[in-house]
Amino acid sequence: MLTRPDSGHLYIHGNPVPANSNRRLELQRKMALVFQKTLLFRDSVWNNVAYGLKARNYSRKAIELKVNRLLEQVGMQSLAYRRADTLSGGEAQRVAIARAVAFDPELLLLDEPTANLDPGNIELIENMIRQMNRDKNITVIMVTHNVFQARRIADEVIFLDKGKIVEMGSAEKIFTNPDQEKTRLYVEGRMIY
């Protein structure tokens, strides 16, 4: 956990998770996080994706199969042995996502994964997110300020303002018939303060 909460409760699958417990660490090991600003090792693309599998003691054969399959899925197989610190922003973000999902997490947390990327990479990453959610049954929680992106890929939406939940519900409901005036103004593209 990056920041310890100072209040509230954490529930996973409807079960409370105590703040200081072995269960919390066990659950954290089933989660992956991709930051807005990509953080990759100064190593090859292939080794970046393989890192989590090596740390979890996967066999050499399993690592090879999984990394090669993931690089193909994210369109990076031709750059497998290039140094990760030479990639474009969109390429780097695709590698970061591949690395995050390599060990099949149950929960993928994404912080503005397409901020400052070109439309082609945005489309590729959005398609990856949808495919991982659908094919691998990974729950994805994504933070975005991009209403259009949320409308394209979200099933459920939580609209926050100043750290407080204003409204939550199905994407269809939030974008077509929100209950709260603040939500309506935001999805219409109006400035709210």
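Worth a mention:
- Test: ARG56 is out of contact with any Asp or Glu (no Cβ under 9 Å at 6 or more places or on another chain), touching a residue at least 40 places away in the same chain (Cβ under 8 Å) and either farther than 21 Å from ILE125 by Cα or of a type in the set (Ser, Thr, Tyr) (or both): yes
- The set of residues in the range 80-93 being of a type outside the set (Val, Ile, Thr) and either more than 11 Å from the chain's Cα centre (by Cα) or not assigned by TED's automatic domain parsing to the domain that holds LYS136 (or both) consists of ALA80, TYR81, ARG82, ARG83, ALA84, ASP85, LEU87, SER88, GLY89, GLY90, GLU91, ALA92.
- Where strands (runs of 3 or more DSSP E) fall entirely within the range 87-193, none has at least 3 residues that are under 27 Å from ASP43 (Cβ atoms), aromatic (Phe, Trp, Tyr) and at pLDDT 90 or above.
- The single condition from (1) crowded, with 18+ Cβ neighbours inside 10 Å; (2) part of a loop (DSSP other than H, G, I, E, B); (3) of a type in the set (D, E, K, R) that LYS66 fails is (2).
Quick grid of which residues meet (1) among the polar types (S, T, N, Q); (2) touching a helix residue (DSSP H, G or I) at 6+ places or on another chain (Cβ under 6 Å):
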| residue | (1), (2) |
| --- | --- |
| ASP135 | no, no |
| THR144 | yes, yes |
| VAL157 | no, yes |
| LYS164 | no, no |
| GLU167 | no, yes |
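- In the set (1) part of a loop (DSSP other than H, G, I, E, B); (2) surrounded by fewer than 18 Cβ atoms within 10 Å (Cβ to Cβ); (3) in contact (Cβ under 8 Å) with a residue 12 or more places away in the chain, LEU40 fails one condition alone, (2).
- Test: ARG60 is surrounded by fewer than 12 Cβ atoms within 10 Å (Cβ to Cβ) and either in contact with a strand residue (DSSP E or B) (Cβ under 9 Å, 6 or more places away or on another chain) or under 21 Å from MET132 (Cα atoms) (or both): no
- Residue in the range 43-53 that is closer than 20 Å to ARG134 by Cβ and either at pLDDT below 95 or loosely packed, with under 15 Cβ neighbours inside 10 Å (or both) present: no
The values are calculated or read from the model by the stated rules, or taken from the named source; none is laboratory data. For clarity, every value in this text was computed on a predicted model and none was experimentally measured. Every residue, glycine as well, gets a Cβ built from its backbone with ideal geometry; the counts of neighbours run over all protein chains shown.
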